[in-house]
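The values are calculated or read from the model by the stated rules, or taken from the named source; none is laboratory data. Values in this document were obtained by computation on a predicted structure and should not be read as measured data. In this analysis, Cβ positions are derived from the backbone assuming ideal geometry, glycine residues included, and neighbour counts consider all displayed protein chains. The protein model used for the area step is the full one, side chains on, heavy atoms only, and it has no ligands, DNA or RNA in it. Shrake-Rupley method; radii C 1.70, N 1.55, O 1.52, S 1.80 Å.
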Amino acid sequence: MNRVSDEQTYESFITRAFDLSNQRIERAGDPAGLADANRFKDSDLAAIKAGVAYAMSTYAFHVRNYLSNKLTAADDNDITTHINETFNASSHKEVLDQIISFNKRIVQKYNL
C-alpha cells in the first residue's frame with residue numbers, strides 16, 4: 001500500500017475543497033497557486049496557513065449551507081477550532097496535524 005506523502009496530503013486537501021464548488025483545479029491551479037505540494041515547507045508557512053484555512057472554510061461553507069440539517073453544534077465549533085489552530089501553527093507539520101484531524105472529523109464524517 002502506497003503511503004501518501006505529507007506534501008500530497010496538503011495539496012489534495014486544497015484541491016478537493018475547490019472540487020466542492022465544481023471548480024476542478026490541477027496542481028497550483030487555484031488563484032493563489034497554493035495547491036502545490038512543493039510549497040509545503042516552513043519557509044512558506046504563511047501561505048500554507050492561508051491555503052489550508054481557506055480550504056477549511058470552503059468545506060465549512062459546504063456543510064453549513066448544503067448539509068446543515070446534519071451539522072451538529074459540536075462539529076460547527078470544531079470547524080472553527082481547526083481554522084484557528086491552523087492560523088496558530090508554528091510549523092508546516094502542525095498545519096498537517098490540523099489537516100489530518102479535519103479530514104477525519106469533518107471531511108470523512110460528512111462525506112465531502
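Below, the figures for the structure above:
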quantity	calculated
Failed condition for ASN103, given (1) open to solvent by 70 Å² or more (accessible area, probe 1.4 Å); (2) assigned to a helix (DSSP H, G or I); (3) within 15 Å of GLN8 (Cβ to Cβ)	(1)
Matching residues, the stretch 1-57, being basic (Lys, Arg), out of contact with any Phe, Trp or Tyr (no Cβ under 7 Å at 6 or more places or on another chain) and closer than 18 Å to ILE83 by Cβ	ARG16
Residues of the stretch 1-14 classified as over 22 Å from TYR110 (Cβ atoms) and not in a helix (DSSP H, G or I), total	4
ILE83 in contact with a helix residue (DSSP H, G or I) (Cβ under 6 Å, 6 or more places away or on another chain), under 20 Å from LYS104 (Cα atoms) and free of Cβ contacts under 8 Å to residues at least 60 places away in the same chain	yes
Members of the stretch 15-47 that are at pLDDT below 95, in a loop (DSSP other than H, G, I, E, B) and either surrounded by 17 or more Cβ atoms within 10 Å (Cβ to Cβ) or among the aliphatic types (A, V, I, L, M) (or both)	ILE25, ALA28, ASP30, ALA32, LEU34, ALA35, ASP36
The stretch 61-94 - residue that is closer than 16 Å to GLY51 by Cβ and outside any helix (DSSP H, G or I) and, of those, least open to solvent (accessible area, probe 1.4 Å)	ALA89
